[in-house]
Amino acid sequence: MWAIIKKEVKSYFLTPIGYVFIGLFLAMCSVFFYLDVIQYGSVQFEYMYYSAATILTFIIPILTMRMFAEERKNGTEQLLFTSPRSITSIVFGKFLSAAFVMLIAELFTLVYLAILFYFGTPHIQTVLTTILGFFMLSLAYISFGMFASSITENQIIAGVVTIGFFIITWFLPNFSTELTSFSLINMFNKFPSGLIALEEIAMYLTFTALFIILTIIVLQRKKSIK
Amino acid sequence: MIEVKNVTKKYGSFVAVDNISFDIKEGEIVGFLGPNGAGKSTTMNMITGFIEPTEGTILVNGYDIQKKARKAKKEIGYMPEGVPLYNDLTVKEFISYMADLKLVKRKEKKQVIENVMEDTNLIDVQNKLIKNLSRGYKQRVSMAGALVGNPKVLILDEPTVGLDPKQITEIRNLIKSLGKKHTVILSSHILSEVSQICEKVIIINSGKIVAIDTPENLENNTKKENIITVTVEDLENKIEEAIKPIEGIEEMKLQKDNEDGTKQYSIKTKADIDIRKNIFENFAKEGITIFELKKSEATLEDAFMNLVKNEEKGGEE
């Protein structure tokens, strides 16, 4: 699995993808930092993350859409799946490397926190739960993006399916309040209040596990129908 | 080394590979021969474990490719059709990644990579990005990827497609030298290539095995038909008369009416007789000038065409 993580992370930064993702994320964060924090003269770092969560819908596919679609299109999946590595370790390797790039992007936002610490005293507990919640949300998003990439050889389709799915879950509460707890982005809103929302964490992890398993099943199944 | 037992692959109702079985022994160089779409790549993909057969089992070095996948796959080096590569990596990075994928031990890795690059002549380009390499080099990089980890079996899917004649010769020589240390399976639709490199040929058509034999045997078996080609200048149209007295002729056909007034005929005779001497004598008597007289040798190409044609006829009946 390490071999795959090493290569995948390297690939993100050998191609512009890693830089574009982190750059875009930080650029949007800067905008929100100015609009939601600086303009109000507050030290509430988490406000920036409220808005950043919406942007995640559109930038996660940058990380995930190529994962398996590109390998299938180029035929390199033949090298991957005929190696002695198991499908499970390949899927986990790819998932963790995308998660790693996401983590790097998130750590960069600590610069904004440092600025706030210079001018005031932000509430450290809410900051930590926000960062945790945001990372959980991105893990869930990455797992779905990876799944979408495993079902097609067209990266664009993988990306569009991913964005479409996120938008649908985003607006679920508008259809029925009972669906609120299935809206990934709504679940995130509990974290910036400083709570370690166990129920939400469990939901995120379940969702992530579900789509990792589905990806493995899809790839396994492709062996017999390909 | 490789045992393929009653393997069938279906896509819906389409049967791509139909109940094939064969054994490949250690150290053999085996060629898969067949027209496009015959099931060569499908069969290779099943041996490498990339796709699963609908029915049947495949053993590589005694390990079932589905049940003992890790152990079986460790013994295989695969060069897929169309040489897919990670274009953003350098040659060395790619080989190093393949070494990782193939569970090469960390201590040995550096040496393994060096050796493979030496074997495939890639030292000079090791730090170049793969996307900037020419087709011939890409082919060698792909070969290096297959070789890394010293697998017992090498499976090469159309290894010489898209190369210039010089590169083709290089790759063929490389394959021959690899055959000394590895069991090699290669697929091709270039017949001369297979007859040059391989000790054993498996001819496959519409998903079925039509023949398994050495290239020599296949050629010999096809020689049943004895055909003589003769080009003559026959101003008085006496050729019919001239061949009448010769025994054993089954059929004579006009092949070509050349512009310079000569005509080319093909004469089919019974097997095991040579009538060239009689032709020479009789034609001279009748005043026919012979420009060319040649007995056709059966080639692997003929063997192949025959087998494939017979198969198609059989299918229609």
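General observations
- For chain B, the Cβ-based charge dipole about the Cα centre amounts to some 2200 debye (Lys, Arg positive; Asp, Glu negative; other atoms uncharged).
- Estimated inter-spin distance, B:Ile190 and A:Thr206, nm [label 7 Å along Cα→Cβ]: 5.9
- In order through region A:208-221: 3J(HN,Hα) via Karplus (6.51 cos²θ - 1.76 cosθ + 1.60), integer Hz, x for Gly, Pro: 4, 4, 4, 7, 5, 5, 4, 4, 4, 4, 4, 5, 5, 5
- Most positive-pole-ward Cα, A:Phe182, A:Val218, A:Gly145, against dipole of region A:78-226 from beta carbon charges: A:Val218
- Cα-based shape type of region A:74-189, given that a ≥ b ≥ c are square roots of the gyration tensor eigenvalues and the cut on a/c is 1.5: oblate
- Phi angles of region B:63-69 translate, via the Karplus equation with coefficients 6.51, -1.76, 1.60 and θ = phi - 60°, into HN-Hα couplings of 9, 5, 5, 8, 7, 10, 3 Hz per residue; Gly and Pro are given as x.
- Residue with peak Gaussian network fluctuation, chain B [Cα springs, cutoff 10 Å], from B:Asn237, B:Asn115, B:Asn150: B:Asn237
- Using 0.36 nm per residue and subtracting the Cα-Cα separation, the extra length available between A:Ser42 and A:Phe58 on full extension is 3.0 nm.
- Highest-fluctuation residue, B:Asn205, B:Asn278, B:Asn217 considered, GNM on chain B with Cα pairs under 10 Å: B:Asn278
- Compared with the dominant Cα axis of chain A, that is its longest principal axis, helix A:17-32 is turned about 20°.
- Residues A:Phe175, A:Phe108, A:Phe188, A:Phe21, sorted so that the one with the fewest Cβ neighbours within 10 Å comes first: A:Phe175, A:Phe108, A:Phe21, A:Phe188
- One way to sum up the overall shape of region B:224-295 is the equivalent ellipsoid from its Cα gyration tensor, whose semi-axes run 19, 14, 10 Å, largest first.
- The convex hull drawn around the Cα atoms of region B:77-117, when projected onto a plane and averaged over every direction, covers 3.1 nm².
- Fraction of beta bridges assigned by DSSP in region B:2-221 that are antiparallel (%, nearest 5): 55
- Nonlocal amide H pairs with B:Thr54, under 5 Å, H built at 1.01 Å: B:Thr8, B:Lys9, B:Lys10
- Alpha-carbon Debye profile of region B:2-221, log10 I(q)/I(0) at 0.08, 0.14 Å⁻¹: -0.28, -0.86
- Average other protein chain Cβ within 10 Å of Cβ, residues B:142-153: 1
- In this simple spin-label model, placing a label point 7 Å from the Cα along the Cα-to-Cβ direction at both B:Asn173 and A:Val20 gives a separation of 4.4 nm.
- Beta bridges assigned by DSSP with both partners in the protein assembly as shown are antiparallel in approximately 70 percent of cases.
- Electrostatic dipole magnitude of chain A [Cβ: Lys, Arg +1; Asp, Glu -1; Cα centre; debye, to 20]: 940
- Spin-label model, B:Val15 to A:Thr76: label points 7 Å out along the Cα-to-beta-carbon direction sit 3.9 nm apart.
- Each listed q (0.07, 0.12, 0.18 Å⁻¹) maps to a log10 I(q)/I(0) for chain A, found by the Debye formula over equal Cα scatterers with no solvent: -0.23, -0.67, -1.33.
- The length gained by stretching the chain between B:Asp64 and B:Lys268 to full extension, at 0.36 nm per residue less their Cα-Cα distance, is 68.4 nm.
- Dipole of chain B [Lys/Arg +1, Asp/Glu -1 at C-beta], most positive-end residue of B:Asn36, B:Ile290, B:Val232: B:Asn36
- Relative contact order of chain B, defined on C-alpha pairs under 8 angstrom at six or more residues apart (%): 19
- Geometric descriptor of the protein assembly as shown, per residue, is 214 Å³ (volume of the convex hull of the Cα atoms).
- Helix A:2-14 vs. chain A, principal-axis angle (Cα, 0 to 90°, nearest 10): 70
- Farthest toward positive dipole pole in region B:93-217 [+1 Lys/Arg, -1 Asp/Glu at C-beta], among B:Thr183, B:Phe94, B:Ile197: B:Phe94
- Residue with peak Gaussian network fluctuation, chain A [Cα springs, cutoff 10 Å], from A:Thr130, A:Thr177, A:Thr88: A:Thr177
- Ordered by the count of other Cβ atoms within 10 Å of each Cβ, fewest first, A:Leu172, B:Leu293, A:Leu63 give B:Leu293, A:Leu172, A:Leu63.
- Summing Cβ point charges (Lys, Arg +1; Asp, Glu -1) relative to the Cα centre of region B:1-89 gives a dipole of roughly 260 debye.
- ³J(HN,Hα), Karplus 6.51/-1.76/1.60, whole Hz, each residue of region A:161-170, x for Gly, Pro: 4, 4, 4, x, 5, 4, 5, 4, 5, 4
No value in this document is a laboratory result; all are computed from the given coordinates. Bear in mind that the values here come from a model prediction, so they are computed numbers and not experimental data. Neighbour counts run over all protein chains shown; Cβ positions are idealised from the backbone, glycine included.
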